[in-house]
């Protein structure tokens, strides 16, 4: 008796799954609508940077090396910087949050942390806006900071 009830239950369960699968295949799936984006005449060239690469030369380890990239909006619409991202965590970008109106100037500032990063460096900063994407570059050489002229006390005795 248990086997009969179990068999009927298993049969009805499998029939239920089969019909549900068929109904699902026949039901048309709504395709997501493409987000309507307003037409723009802006191009990446409308972010006219004065320079896209900055060479720091040789700098001393310790203080942050900073540079401001200035650009002019040469388009006919405002440029909105949507995201500015550095290639690694040692570089911190900041940028103009307000729309840059036609003919006006915007700024992207890159700050490179030199502490513990002795040697050559080349970093990029990707600027994403409603005009497109531009990549800016900073590079240079970090030399080790000079050590103190006073010898370090390595004795275990406490001195006052």
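Quick look at the numbers
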{"quantity": "Hits in region 129-160 - residues which are at pLDDT 90 or above and over 27 Å from residue 57 (Cα atoms)", "calculated": "129, 130, 131, 132"}
{"quantity": "Complete set of residues in region 73-100 that are within 11 Å of residue 47 (Cα to Cα), in a loop (DSSP other than H, G, I, E, B) and out of contact with any helix residue (DSSP H, G or I) (no Cβ under 6 Å at 6 or more places or on another chain)", "calculated": "78, 80"}
{"quantity": "Candidate set from region 59-70 (those that are free of Cβ contacts under 8 Å to residues at least 60 places away in the same chain and not in a loop (DSSP other than H, G, I, E, B)); member that is nearest to residue 45 (Cα to Cα)", "calculated": "70"}
{"quantity": "Any pair with Cβ under 6 angstrom, 6 or more apart, that starts in region 137-155 at a residue that is over 23 Å from residue 125 (Cβ atoms) and ends at one that is modelled with pLDDT under 90", "calculated": "145/62"}
{"quantity": "Residue selected from region 35-58 under the condition free of Cβ contacts under 8 Å to residues at least 40 places away in the same chain and closer than 30 Å to residue 115 by Cβ, by the criterion surrounded by the fewest Cβ atoms within 10 Å (Cβ to Cβ)", "calculated": "50"}
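The values are calculated or read from the model by the stated rules, or taken from the named source; none is laboratory data. Remember, it's a predicted structure, so these values are computed and weren't measured experimentally. Counting neighbours? That spans all protein chains shown, and the Cβs are built from the backbone with ideal geometry, glycine included.
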